[in-house]
Every structure is written in structure tokens, then in C-alpha cells.
Amino acid sequence: MDSLVYQQDSAIVTDSLTIAEVFHKRHDKVLRDIKNLACSDEFKKLNFGESTYKNKQGRKMPLYVIKENGFYILAMGYTGEKAMQFKERYINEFQRMRTILESQKEQHFTIISKQQREIQEAVRMRITELYPYVRDKARRKYYSGMYQQLKTKFGVGSFRDIRANDFESAVAFIKEWHSPKLASGEESKRYNCCIVDS
């Protein structure tokens, strides 16, 4: 089988047809095993979703979409050396898919308000360190320049949208930041009118 488990909404699932194929059982026997499980109705509703698939003749046939805990309960009844190998494959696949989804979620989480404040403070300290004798008003172009580079480097519209797993890299970038040659003329006016990114 190419894929023993897959994502459905936010859950990792398999289905009765795949289980039948992997464990070399007739699908109607797997359906019967699910119906005969001695678990609570609540557990069944949470872990076994009724669905359908089309067979080779194009007829709609019953199928269960099964969550991870449902699989474990069902697979407990399947014994033998081969069955143990199939269980191990399934457990590994559930774990692998969980790792992938957790990684994807982590990449989409943005920095929390505490981290946003830490970034703002790091920017303030770096600008002050580089330009200790420049008046606050005159530092605006440097703030603007740094925030613009920060957004460009991390591919975001605002520093507040920096991904959580990029937080340490963003702080390191700020601490090593050196001002580029800022534009003059009209560009300089644009910098001077902007205080910080929002």
C-alpha cells in the first residue's frame, strides 16, 4: 500500500478497506469486526465514521473511516506473526504522519505578544547601540530600514507575522544588523515619515 494512513480534516485516519487489504482480510469481515466491537457507543462515534466507496462495478459500498485509537482497538483482535508486522507498520505510519502534521502546524504558528515585544526591544537596543548619539527622531529611518529588512528576510507583511520557529533567527538577525546605505531624496522623506512597522 502507498499510504496506510491519511489526513482528514485535522485527524489522522485510515479506513476499513485499507485495513482489509493490509491484513489480507475480506472487507465484509472487517466491517463485521467493527460492528461487533465491545467498546462504548461514545467511543465508536468518536473513532469510527460511517462512509462509502465505489466498488469495481460502480456500486456504493459501506466503509468506515477510522481514527488512530479506533485502529488500536480493532487491531487488538488481529493476532499472529503477520498481523504483528502489519500493526507495527500502522503504528509507524501514524507516528510519521503525526510528526509531519506537528511540523506543519509549528511552521504556521506566529510569534506570541511576548516575543513581539522582545523583537521590538531588540530592535531598539540595536539601533541605540549603533547610533548612541543620534536623536530619537533622527533614528526613525534606521528603525524603518531594519523592520523592512526583517520583513523581507522572513517573508512576512509585518514583524508580528514572523513564524514561531523563526523567532531565534529573527533575534540573531537583529543583533547582527548593520544599516545599509539608506536612500536619499524622496526615498529618505518616506523613511523619515515612518516610525516603525506595525
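The values are calculated or read from the model by the stated rules, or taken from the named source; none is laboratory data. This is a predicted model, so every value here is computed, not measured. Note: ideal-geometry Cβ built from the backbone for every residue, glycine included; neighbour counts use all protein chains shown.
Quick rundown of the values:
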quantity: Single residue of R32, R89, R98 found to be in a helix (DSSP H, G or I) and under 23 Å from the mean Cα position of the chain (by Cα); calculated: R98
quantity: Evaluation of A11 against (1) over 20 Å from F86 (Cα atoms); (2) in contact with a helix residue (DSSP H, G or I) (Cβ under 7 Å, 6 or more places away or on another chain) (one fails), failing number; calculated: (2)
quantity: Tabulated pairs, segment 132-147, first surrounded by fewer than 16 Cβ atoms within 10 Å (Cβ to Cβ), second not small (G, A, S), C-beta under 7 angstrom, 6+ apart or interchain; calculated: none
quantity: Residue in segment 62-73 that is within 14 Å of T18 (Cα to Cα), exposed (fewer than 15 other Cβ atoms within 10 Å of the Cβ) and touching a strand residue (DSSP E or B) at 6+ places or on another chain (Cβ under 7 Å) present; calculated: yes
quantity: Filtered residues of segment 12-29 (kept if surrounded by 15 or more Cβ atoms within 10 Å (Cβ to Cβ) and either within 12 Å of R89 (Cβ to Cβ) or not hydroxyl-bearing (S, T, Y) (or both)); calculated: I12, V13, T14, D15, L17, T18, I19, A20, V22, F23, K25, H27
quantity: Near pairs, Cβ below 8 angstrom, 6+ apart or cross-chain, from segment 120-131 (surrounded by 15 or more Cβ atoms within 10 Å (Cβ to Cβ)) to any residue that is β-branched (V, I, T) and assigned to a helix (DSSP H, G or I); calculated: A122/V171; A122/I174; V123/I174; R126/I174
quantity: Among the candidates E88, E93, E42, E81, residue that is over 30 Å from D161 (Cα atoms) and surrounded by 13 or more Cβ atoms within 10 Å (Cβ to Cβ); calculated: E93
quantity: Inter-residue pairs, beta-carbon under 7 Å, first in the same structural domain as L46 (by TED's automatic domain parsing) and at pLDDT below 95 and in segment 65-89, second outside any loop (DSSP other than H, G, I, E, B) and of a type in the set (D, E), 6+ apart; calculated: G77/D33
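Let's see how each residue does on (1) closer than 14 Å to F109 by Cβ; (2) assigned to a helix (DSSP H, G or I); (3) not small (G, A, S):
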{"position": "Y133", "(1), (2), (3)": "no, no, yes"}
{"position": "M146", "(1), (2), (3)": "no, yes, yes"}
{"position": "G157", "(1), (2), (3)": "no, no, no"}
{"position": "R160", "(1), (2), (3)": "yes, yes, yes"}
{"position": "F167", "(1), (2), (3)": "yes, yes, yes"}
